[in-house]
């Protein structure tokens with residue numbers, strides 16, 4: 001199932017929905033098909049906070065509407081091409097972004113004259129990004145005015161669906177609600193100054209992170225799973241021209257390892273976001289003599305089974 005957020009055309013309110021038959025179906029409307037007095041959630045984060053209570057009812061209603069499309073109500077069901085999609089989780093409780101693709105790490109360090117450090121191979125590392133600066137599909141990203149080296153990053157993000165602490169990697173997939181795409185926009189000149197201090201990026205990443213367009217649940221990608229790896233093609237396009245192609249299976253640390261590390265002596269909550277980090281070749285920084293982004297550029301990330309996430313540079 002593909003979960004999303006959209007702006008209701010008449011209520012001027014951002015609400016949760018699902019994609020069905022090329023239509024956006026309001027989540028509250030969908031859930032009320034099986035229990036009209038249930039007071040269902042209208043936001044995805046609210047749904048996730050009671051995920052175990054709502055999950056079976058949601059899938060039951062999804063099957064019902066799929067088979068009986070005459071139940072669709074024009075007030076709550078819209079053609080997907082007319083819906084204004086937003087970030088599926090506009091204000092997640094937290095965003096951790098990992099650094100888990102070896103090819104990306106090696107290349108970026110080599111460009112700074114650095115070799116790989118032994119510690120990188122011992123455990124997956126992450127930084128906390130700004131969970132208040134999330135933008136969605138087709139929104140404009142504005143870079144810091146003092147920056148000139150504007151960049152994108154092609155990533156996948158895991159959305160946590162169950163509360164957990166010290167989650168073993170053998171159980172980690174059971175804590176995933178779904179996967180989405182993530183663009184970790186980067187001001188490279190600011191970042192280059194910050195990392196010299198040794199605390200990682202802050203203002204160089206503080207201004208925007210894109211998520212979306214959907215959060216895709218496991219039944220739509222489970223057949224691409226082999227052990228702990230997911231065989232999903234990842235691509236990035238600039239103004240229609242493909243800039244890179246990689247695969248999620250190239251992760252050095254698997255998604256279960258990322259979840260295990262993030263939950264070590266720390267509780268993960270439904271709606272928490274874990275980024276994988278950038279796939280090898282998945283940003284301009286890795287190129288020789290990169291042509292940095294400029295106003296008017298359109299960046300589209302495409303990940304197999306997850307859709308297309310497009311933003312314009314302002």
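Using a 10 Å cut-off on Cβ atoms, rank the peptides 63-72, 301-310, 111-120 from the highest mean neighbour count down.
The densest-packed peptide leads the list: 301-310, 63-72, 111-120.
When the distances between all Cα atoms of the stretch 1-129 are binned every 5 Å from zero, what whole-number percent does each bin get?
Going out from 0 Å in 5 Å bins, the stretch 1-129 shows 2, 9, 17, 16, 13, 8, 7, 8, 8, 7, 4, 2, 0 percent.
Using Cα-Cα distances under 8 Å and only pairs 6 or more residues apart, what relative contact order does the chain have, in percent?
Rounded, it is 23 percent for the chain.
I'd like the orientation of helix 51-67 relative to the chain: the angle between its Cα long axis and the longest Cα principal axis, in ° from 0 to 90, rounded to 10.
The helix 51-67 is inclined about 60 degrees to the chain.
Convex hull over the alpha-carbon atoms of the chain: what's its volume per residue in Å³?
Roughly 131 Å³ of hull volume per residue.
Using Stokes-Einstein with the Kirkwood hydrodynamic radius over Cα pairs, what translational diffusion coefficient do you get for the stretch 199-314 at 20 °C and a viscosity of 1.002 mPa s, in µm²/s rounded to a whole number?
The calculation lands on 132 µm²/s.
Rounded to the nearest 0.05, what FRET efficiency is calculated for residue 265 and residue 74 with R0 set to 41 Å and r the Cβ-Cβ distance?
Once rounded, the FRET efficiency stands at 0.25.
For labels at residue 196 and residue 49 in the simple 7 Å Cα→Cβ model, what's the distance in nm?
About 4.4 nm, to one decimal.
Whole angstrom only: what separates the Cα centroid of the stretch 64-120 from the Cα centroid of the stretch 25-56?
Centre-to-centre (Cα) distance: 22 Å.
Could you work out the mean projected area of the convex hull around the alpha carbons of the stretch 108-216, in square nanometres to one decimal?
For the stretch 108-216, averaging the hull's shadow over all directions gives 8.6 nm².
What is the calculated FRET efficiency for residue 226 to residue 117, with r their C-beta to C-beta distance and R₀ = 22 Å, to the nearest 0.05?
0.15
Starting from 0.36 nm per residue, how many nanometres of slack lie between residue 241 and residue 206 once their C-alpha separation is accounted for?
Residue separation times 0.36 nm, minus the Cα-Cα distance, leaves 9.9 nm.
Calculate, in nm to one decimal, what residue 103 and residue 174 gain on full extension: separation in residues at 0.36 nm each, minus their alpha carbon distance.
In short, 22.7 nm is gained.
Starting from the Cα-Cα distance between residue 39 and residue 128, subtract it from 0.36 nm times their residue separation and give me the gain in nm to one decimal.
Using 0.36 nm per residue and subtracting the Cα-Cα distance, I get 28.6 nm.
State, as an integer percentage, the relative contact order of the stretch 2-86 based on alpha-carbon contacts under 8 Å between residues 6 or more apart.
Relative CO of the stretch 2-86 lands at 37 percent.
Using packing as a proxy for protection, rank 281-289, 201-209 so that the peptide with the highest average count of other Cβ atoms within 10 Å comes first.
Packing proxy ranking, top to bottom: 201-209, 281-289.
Give the peptides 90-103, 30-43 in descending order of average Cβ contacts within 10 Å, highest first.
Averaged packing, sorted descending, gives the order 90-103, 30-43.
With each run of n ≥ 4 DSSP H residues scored as -39500 (n - 2.57), what mean residue ellipticity at 222 nm is computed for the chain after dividing by its residue count and rounding to the nearest 500 deg cm²/dmol?
-5000 deg cm²/dmol
Every read-out reported here was derived from the displayed coordinates using simple, explicitly stated rules and does not represent laboratory data. Note that the coordinates shown come from a computational prediction; the quantities given were computed from them, not determined experimentally. As a convention, Cβ positions derive from the backbone with ideal geometry for all residues, glycine included, and neighbour counts pool all protein chains shown.
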